[in-house]
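Student: Can you keep this structure in mind? I'll have questions shortly.
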Amino acid sequence: MNFIKQLDEVKHATKKQIKEEHWHVEGIIKSKSNQKFKFDLSPIIKFEENDYGKVGYFNSKSDKIVFDFKENWILIDTEELIEYVKETQKKDIDLNDLLDDLSWNIILSKIE
């Protein structure tokens, strides 16, 4: 299942926007929001054995970061995440901690 199908009023970023602004698609989350957001769809990568994650950027123009898992997508607010990283000065952050500590997050099920 494709995350973009969860959006209305879809606009894809240009190659320049992806490279310089770190977002991939803009749209409105169906049945969850009436506001347009820019989403970072960067894939989860393997850093080391049993260590997976994403690389983030303080200069990102994305509004939300999307984590793509087998059964759901987890959306995290980019600005709130950046502030969290600055405050905690952590370089490695567990996604479960973010779900507990951040106020804006959405989990969208892929199972219909």
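The values are calculated or read from the model by the stated rules, or taken from the named source; none is laboratory data. From a predicted model like this one, the values you see are computed outputs, not experimental measurements. So basically every Cβ, Gly included, is an ideal-geometry build from the backbone, and we count neighbours across all protein chains shown.
Student: Restrict the check to the range 44-51 and report whether at least one residue is within 21 Å of GLU79 (Cα to Cα) and either out of contact with any Cys (no Cβ under 8 Å at 6 or more places or on another chain) or among the acidic types (Asp, Glu) (or both).
Tutor: Of all residues in the range 44-51, those within 21 Å of GLU79 (Cα to Cα) come to 44.
Narrowing further to those that are either out of contact with any Cys (no Cβ under 8 Å at 6 or more places or on another chain) or among the acidic types (Asp, Glu) (or both): 44.
Yes, the conditions are met somewhere in the range 44-51.
Student: If the requirement is being more than 21 Å from ILE106 (Cβ to Cβ), outside any strand (DSSP E or B) and free of Cβ contacts under 8 Å to residues at least 12 places away in the same chain, which of these qualifies: LYS46, LYS16, LYS5? Walk me through how you get there before you give the answer.
Tutor: On the way: LYS46 fails: outside any strand (DSSP E or B); LYS5 fails: more than 21 Å from ILE106 (Cβ to Cβ).
The match here is LYS16.
Student: Let me ask you something else. I need a count of the residues in the range 8-27 that are over 14 Å from the mean Cα position of the chain (by Cα) and not acidic (Asp, Glu).
Tutor: Number satisfying all stated conditions: 9.
Student: Filter the range 68-92 down to the residues that are surrounded by 11 or more Cβ atoms within 10 Å (Cβ to Cβ) and either under 15 Å from HIS22 (Cβ atoms) or of a type in the set (Lys, Arg) (or both) and list them by number.
Tutor: Step one: of the range 68-92, the residues surrounded by 11 or more Cβ atoms within 10 Å (Cβ to Cβ) are 68-69, 72-85, 88, 90.
Residues satisfying the conditions are ILE76, ASP77, THR78, GLU79, LEU81, ILE82, VAL85, LYS90.
Student: Scan the range 90-106 and give yes if some residue there is in a helix (DSSP H, G or I), touching a Ser or Thr at 6+ places or on another chain (Cβ under 9 Å), at pLDDT 90 or above and more than 17 Å from LYS54 (Cα to Cα), otherwise no.
Tutor: Yes, because at least one residue in the range 90-106 is in a helix (DSSP H, G or I), touching a Ser or Thr at 6+ places or on another chain (Cβ under 9 Å), at pLDDT 90 or above and more than 17 Å from LYS54 (Cα to Cα).
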